[in-house]
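Contents: one structure, followed by commentary.
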Amino acid sequence: MSNEQSPGQQASAPEQPRVEELRVGVVGIGWAGQQHLKAYDSLAGVRIVSLAGMEQELRESLQAEYSIPNAFAGWEEMLEHGGLDAISVAVPTFLHAPIAIAALERGLHVLSEKPIARNAIEGRAMVDAARKAGRVLDVAFNHRRRGDIQALKEVIDDGGVGRPYYAKASWLRRSGIPMLGSWFTNPELAGGGPLADIGVHALDYALHLLGEPKVVAVSATTHSELGPRGRGGNDRYTAMAASNAFGVEDFASAFLRLEGGGTLLIEAGWASYRETDDILDFMVYGTDGGAELKVQGTPLAPVGKLRVFTEKDGENADYVPAALPGRAHQAVVDDFVAAVRGGADGWGRHDGSQALYRAQIIDACYQSAQEQREVRL
């Protein structure tokens, strides 16, 4: 039978599968919440139907910008109002667990900002709630979506460095204490300082790059030298008037022993006397090569300097892999929406357990620093 068309006959367009509208709400209207709003707004079949945030003028502005029908000062009102399939939680860390658990108990899917919670106990409660509800719980680790980190991941996965045995990941600032004197510097509200705030990003992308090795023990130190003296902030990070004493570290380092004998070193600093630009980096040594990624700038450059060190026929064969800018929160939201739309059979694979594991490691680091000893996981 011929598949040719008769003269004048036009092929009908293939029928597109119907995508059921996903109704989402966003809790939190600061920088992170605005990234979620922008990302959701770009997706077909996704409608932002609710917004919650305490700052009335900003809330009303964002409501108008994105044509959001419902806006509330409190998250409780938003959940009570209903009409949602999923929410993003982009608020201070101490609110992650209560909001996420309440939403999951109502049968909603949840995308939370990092870290998952103030500690692993709260994180475990979130994961348990997601499993009990049979709903998606994702946590936003946007830096693993960087194009340069994805390019390096491909190199490592393809055997480009052989078996990795030593790696180091850092995120360091010179004067980058976020909102000096705000909830960020209160351990009861934030759960910790730079180790919990930006160090968890370094931990996440490092474990991701290394293929998710098990951490068997940690030995960590924390320092609080500049923040308590009112140093280490700048105009960008001191928009809020100080309302809390500086109760967290401003620099931390951790030595992680990995299953199989590997080593991972993590450094996280909000403030230290170093060069002005922030640096986010990763370095790995393997049995057949090594690699180095350096991302600098304030804000960080969209693409960093990535090099791979190897040899061929006894000669150096170093090279620079191609890397494009990543999609950051857009990719985070895309993945979350795809997981939700993937159907109930796949929801159990998105229960927040990987983010919980990060929290367990961070907790062990703080315990190690406090007790001045190695802590086994």
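Data table
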read-out	value
Filtered residues of segment 322-377 (kept if open to solvent by less than 20 Å² (accessible area, probe 1.4 Å) and in a loop (DSSP other than H, G, I, E, B))	G352
Pairs, first touching a residue at least 40 places away in the same chain (Cβ under 8 Å) and basic (K, R) in segment 29-53, second open to solvent by 40 Å² or more (accessible area, probe 1.4 Å) and assigned to a helix (DSSP H, G or I), C-beta under 8 Å, six or more apart	K38/Q330
Where a residue in segment 214-230 is among the aliphatic types (A, V, I, L, M) and its partner, wherever it lies, is open to solvent by less than 50 Å² (accessible area, probe 1.4 Å) and at pLDDT below 95, with Cβ under 7 Å and at least six apart	L226/G232
Residue among M78, M179 that is farther than 30 Å from L306 by Cβ and at pLDDT below 95	M179
Residue list for segment 170-190, restricted to those being of a type outside the set (A, V, I, L, M) and either assigned to a loop (DSSP other than H, G, I, E, B) or touching a His at 6+ places or on another chain (Cβ under 8 Å) (or both)	W171, R173, R174, G176, P178, G181, S182, N186
Spans of strands (runs of 3 or more DSSP E) in segment 46-100 with at least 2 residues more than 25 Å from L356 (Cβ to Cβ)	46-52, 70-72
Candidate set: segment 285-316, residues that are of a type in the set (A, V, I, L, M) and in contact with a Gly (Cβ under 9 Å, 6 or more places away or on another chain); chosen: the one nearest to R163 (Cα to Cα)	A291
Residues that are open to solvent by 20 Å² or more (accessible area, probe 1.4 Å), modelled with pLDDT of 95 or more and of a type outside the set (A, V, I, L, M), drawn from segment 277-303	D277, D281, Y285, T287, D288, E292, K294, Q296, P302
Residue within segment 360-375 that is in contact (Cβ under 8 Å) with a residue 24 or more places away in the chain, within 21 Å of K153 (Cα to Cα) and aliphatic (A, V, I, L, M) present	no
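The values are calculated or read from the model by the stated rules, or taken from the named source; none is laboratory data. Keep in mind that this is a model prediction, so the values were computed, not measured. Quick reminder, even Gly has a Cβ in these numbers, built from the backbone with ideal geometry, and neighbours come from all protein chains shown. In case anyone asks, the SASA skips ligands and DNA or RNA and just uses the protein heavy atoms, side chains included. Shrake-Rupley method; radii C 1.70, N 1.55, O 1.52, S 1.80 Å.
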